[in-house]
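The structure under discussion appears below in the form of structure tokens.
The values are calculated or read from the model by the stated rules, or taken from the named source; none is laboratory data. As the structure is a prediction and not an experimental result, all values here were calculated from the model. Cβ atoms come from the backbone with ideal geometry, glycine included; neighbour counts cover every protein chain shown.
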Amino acid sequence: MKPLAVIAYYSGNATDVYKYEIEKLTHIIYSFLVLKGNKLQVSPQAAIILKNLVGLKKRNPALNVSIAFGGWGGCKTCSELFTQAVNREAFAQSVKTILLQYQLDGIDLDWEYPAIQGPVGHPFSPRDKQTFTELVLALRTAIGETKEISVAAGAFTDFLRKSLEWEKLAPLIDRFHLMTYDLVNRLSLVSGHHSNLYSTSRQIESADNAIRFLDSLNIPRNKIVIGAAFYSRLYEQVNSVNNGLYQPCKFKGFLTYRSYASTFSKANGFTWYWDNEAKAPWCYNKQKKQFATFDNRRSVILKTQYAINERLQGLMFWELRQDRPREGLLDAIYEAKMQVAVKPND
């Protein structure tokens, strides 16, 4: 069995990446390249970043450096554009050119979302499900078997059931990157865990729930990666029942892991809690009526152990620049990876 993959998305500048311990990663994915017409393009700034990321192989020769396409708001034209074979082929050939020109190892497809509502105003159609498979097939034909294709996939029920032809995609790709975060989001009216490992009596959506769904389709586990969030979702107008968990709420914003110690501190009125059923933390400020959901060191260690024990290909996270350069969540993942795996039952 291959060592656990540890995969970082990176959307920073050309130099911030040098702060981090790249030796602890197996993959880094630059996010995001964008479409120009029917082709993927590399801006002058992105070209410098890609060159520097590939240069990190001097520190970590085994590092896989890839590009991501799409992201939230990055696929507005996808539904209509990729219905046409000529556009799928043009896109695939542009990807091939970029991979060869910049000596990259692969591409991550992050269409949010095929066949279901993504960002407001983004067209979608039931046919997107088939179109996505056809797009991946065009890509695989163009770039061959030696370059990697991964798919960033929603882990919530609507996406799992409606967006992808999972069984048809599995033989064509190297990994499904399950975005097992944002399981509560900016539109959520009830607080909950946005990156929990297990379902609870009050919240079905979880990393384990997504894995069980893919098991029902006989998707090989060695093609599945689960996700960790290096950012929190913060909600306001949350009453104090159950210390804010599963209560009416209003989305307020995001905070990065780097800021948790200072922002979610006791001095600022926050108390931290742990949900042993979900294997997820949260914190609550009774005075401000604020609730925050996130991953921390304990939860990412348990996710890493889960990935090992359940024989998944690995763990990915969004995103590297939100971490502390030292003694952060990447360190916790790496430490758990290097230890003997145990069942996450504490």
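Return the pairs, sorted by first residue and then second, in which the second residue is buried (at least 16 other Cβ atoms within 10 Å of the Cβ) and part of a loop (DSSP other than H, G, I, E, B), the first residue lies in segment 1-26 and is free of Cβ contacts under 8 Å to residues at least 40 places away in the same chain, the beta carbons are less than 6 Å apart, and the residues are 6+ apart or on different chains. Here the result reads GLU23/ASN60, each pair linking segment 1-26 to a residue that is buried (at least 16 other Cβ atoms within 10 Å of the Cβ) and part of a loop (DSSP other than H, G, I, E, B). Within segment 69-91, residues that are under 25 Å from GLU319 (Cα atoms) have Cβ atoms under 6 Å from residues that are in a loop (DSSP other than H, G, I, E, B) and modelled with pLDDT of 95 or more in these pairs: GLY70/TRP111; TRP72/GLU112; GLY73/PRO119; CYS75/TRP111; LYS76/HIS122; CYS78/TRP111, counting only partners at least 6 apart in sequence or on another chain. If only residues of segment 125-135 that are crowded, with 19+ Cβ neighbours inside 10 Å and touching a helix residue (DSSP H, G or I) at 6+ places or on another chain (Cβ under 6 Å) are counted, the one that is nearest to ASN87 (Cα to Cα) is LEU135.
Return a yes/no flag: does segment 164-174 have any residue that is crowded, with 16+ Cβ neighbours inside 10 Å, more than 23 Å from ARG311 (Cα to Cα) and either touching a Pro at 6+ places or on another chain (Cβ under 9 Å) or in contact (Cβ under 8 Å) with a residue 40 or more places away in the chain (or both). Checked against the condition, which is being crowded, with 16+ Cβ neighbours inside 10 Å, more than 23 Å from ARG311 (Cα to Cα) and either touching a Pro at 6+ places or on another chain (Cβ under 9 Å) or in contact (Cβ under 8 Å) with a residue 40 or more places away in the chain (or both), segment 164-174 yields no hits at all. Inclusion of LYS288 among residues that are in a loop (DSSP other than H, G, I, E, B) and at pLDDT 95 or above is warranted. For the structure I just gave you, tell me whether GLY121 is loosely packed, with under 14 Cβ neighbours inside 10 Å and of a type outside the set (A, V, I, L, M, F, W, C). Answer is yes for this residue. I'd like to know if segment 98-116 contains one or more residues that are surrounded by 15 or more Cβ atoms within 10 Å (Cβ to Cβ), part of a strand (DSSP E or B) and of a type in the set (D, E, K, R). Scanning segment 98-116 turns up at least one residue that is surrounded by 15 or more Cβ atoms within 10 Å (Cβ to Cβ), part of a strand (DSSP E or B) and of a type in the set (D, E, K, R). Taken as a whole, the structure leaves SER195 outside the set of residues that are of a type in the set (S, T, N, Q) and surrounded by fewer than 19 Cβ atoms within 10 Å (Cβ to Cβ). Of all the criteria given as (1) out of contact with any Cys (no Cβ under 6 Å at 6 or more places or on another chain); (2) at pLDDT 95 or above; (3) more than 18 Å from ALA207 (Cβ to Cβ), the one not satisfied by TRP272 is (1).
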